[in-house]
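Asks: Quick one: this structure, given as structure tokens, is what I'll be asking you about.
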Amino acid sequence: MKNILVLIPTYNESESIMLLLQRIDKIRRENIDNLKIDILVIDDNSPDKTGQLAQSLNLSGLTVLSLNSKNGIGPAYIAGFKFGLTKNYDFFIQMDADLSHQPEEMIDLVESSDTQIMVIGSRWIKGGSVVNWPKRRRLISRFGTAYAARLLGLKYRDLTSGYRVLPKQLVADIDFVTIKSHGYGFQIEMALQAIKLGYKIKEVPITFIERENGKSKMSFAIVIEAWKMVSLEGFKRRIIRR
């Protein structure tokens, strides 16, 4: 039986968190014979009381980790990984709190997981799709991944996807001190760390649905942060090759 921890960073997601947790709970009850799934909500001190709402559901295996301030998904995930490593989990699932990642697809990702593989839920491979996303967001996402893949010499189609499964040993092997991104560049840094450590990456198609409620955390500053990180890493790699 795989022992799994689902990590969900939150900031002002009160309009979606309860439905998300209920859908995850349904999935884990349907798969209780071969999967043990716990949930960790990592709340960045949401003014709208997201963490308290999650806790009010009183779901078994649900923990709310309350942070003191809003620092972005990178530090939130790192806090969640560190918490999870103190427990006996075999795999960690990353997913967004806004219902853009479908809990029902979690099983497909888990079935593709392995102790030497990072599984990425991909929007941009055959079978993957994006629903209700404005053209601007599609272009940013596709260009961002294409730019990162080309500059870093990687073949993957969705390096910025936040729906992932990571084996425990990979998480334990990563030196989080070296990861600097606070926004979605964090996902690229994690993939780079996995490759450097000798782990494989497998992309599995997912359906990404644009949020119906709440406000996206994507900003120009987050895009620039990711662009700078990728550009610097790409420059370093070119220097080393020469």
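The values are calculated or read from the model by the stated rules, or taken from the named source; none is laboratory data. This is a predicted model, so every value here is computed, not measured. Here the Cβ positions follow ideal geometry from the backbone for every residue, glycine too, while neighbour counts run over all protein chains shown.
Asks: Residues to consider are D33, D98, D25, D90; find the one that is among the acidic types (D, E), within 24 Å of A221 (Cα to Cα) and out of contact with any Cys (no Cβ under 6 Å at 6 or more places or on another chain).
Replies: D98
Asks: Scanning for something surrounded by fewer than 16 Cβ atoms within 10 Å (Cβ to Cβ), touching a helix residue (DSSP H, G or I) at 6+ places or on another chain (Cβ under 9 Å) and in a helix (DSSP H, G or I), does region 60-83 turn up at least one residue?
Replies: Checked against the condition, which is being surrounded by fewer than 16 Cβ atoms within 10 Å (Cβ to Cβ), touching a helix residue (DSSP H, G or I) at 6+ places or on another chain (Cβ under 9 Å) and in a helix (DSSP H, G or I), region 60-83 yields at least one hit.
Asks: Does region 20-32 hold any residues that are assigned to a loop (DSSP other than H, G, I, E, B) and in contact (Cβ under 8 Å) with a residue 12 or more places away in the chain, and which are they?
Replies: Selection gives N31 alone.
Asks: To continue, here is another question. Suppose we keep only residues that are in contact (Cβ under 8 Å) with a residue 24 or more places away in the chain and among the polar types (S, T, N, Q) within region 57-82. Which one would you say is farthest from K215 (Cα to Cα)?
Replies: T63
Asks: When residues of region 37-47 are filtered for being over 20 Å from H101 (Cα atoms) and either in contact with a His (Cβ under 6 Å, 6 or more places away or on another chain) or assigned to a strand (DSSP E or B) (or both), how many remain?
Replies: Selection size over region 37-47: 0.
Asks: A follow-up question, please. When residues of region 139-164 are filtered for being out of contact with any Leu (no Cβ under 9 Å at 6 or more places or on another chain), at negative phi and not in a helix (DSSP H, G or I), how many remain?
Replies: 7
Asks: Can you pull out every residue in region 48-59 that is in a loop (DSSP other than H, G, I, E, B) and touching a strand residue (DSSP E or B) at 6+ places or on another chain (Cβ under 8 Å)?
Replies: Once the filter is applied, which keeps residues that are in a loop (DSSP other than H, G, I, E, B) and touching a strand residue (DSSP E or B) at 6+ places or on another chain (Cβ under 8 Å), region 48-59 yields only L59.
Asks: Further question on the same structure: Filtering region 89-146 down to residues that are of a type in the set (K, R) and farther than 19 Å from I73 by Cα, which residue is surrounded by the most Cβ atoms within 10 Å (Cβ to Cβ)?
Replies: Restricting to residues being of a type in the set (K, R) and farther than 19 Å from I73 by Cα, the top hit is R123.
Asks: Here's a follow-up. Note down all Cβ pairs under 7 Å where the first residue falls in region 194-210 and is acidic (D, E) and surrounded by 17 or more Cβ atoms within 10 Å (Cβ to Cβ), the second is at pLDDT 95 or above and in a strand (DSSP E or B), and they're at least six residues apart or on different chains.
Replies: E203/I120; E203/S122
Asks: Turning to a different aspect of this structure: Just checking, how many residues over region 117-156 are of a type in the set (A, V, I, L, M, F, W, C) and touching a strand residue (DSSP E or B) at 6+ places or on another chain (Cβ under 7 Å)?
Replies: Qualifying residue count, region 117-156: 7.
Asks: Looking at region 12-19, is at least one residue free of Cβ contacts under 8 Å to residues at least 12 places away in the same chain and not in a helix (DSSP H, G or I)?
Replies: Within region 12-19 (the criterion being free of Cβ contacts under 8 Å to residues at least 12 places away in the same chain and not in a helix (DSSP H, G or I)), the answer is no, since none of the residues qualifies.
Asks: Sort out which residues of region 46-79 are touching a Phe, Trp or Tyr at 6+ places or on another chain (Cβ under 8 Å) and more than 24 Å from K168 (Cα to Cα), and write them in order of number.
Replies: Passing the criteria: S46, T50, K70.
Asks: Given the condition of a type in the set (D, E), without any contact (Cβ under 8 Å) to a residue 24 or more places away in the chain, surrounded by fewer than 17 Cβ atoms within 10 Å (Cβ to Cβ) and out of contact with any strand residue (DSSP E or B) (no Cβ under 9 Å at 6 or more places or on another chain), answer yes or no: does some residue in region 159-173 qualify?
Replies: no
Asks: Would you check which residues across region 165-197 are within 22 Å of T10 (Cβ to Cβ), in contact with a helix residue (DSSP H, G or I) (Cβ under 7 Å, 6 or more places away or on another chain) and assigned to a helix (DSSP H, G or I) and list them?
Replies: Correct list: V171, F176, G185, F186, I188, E189.
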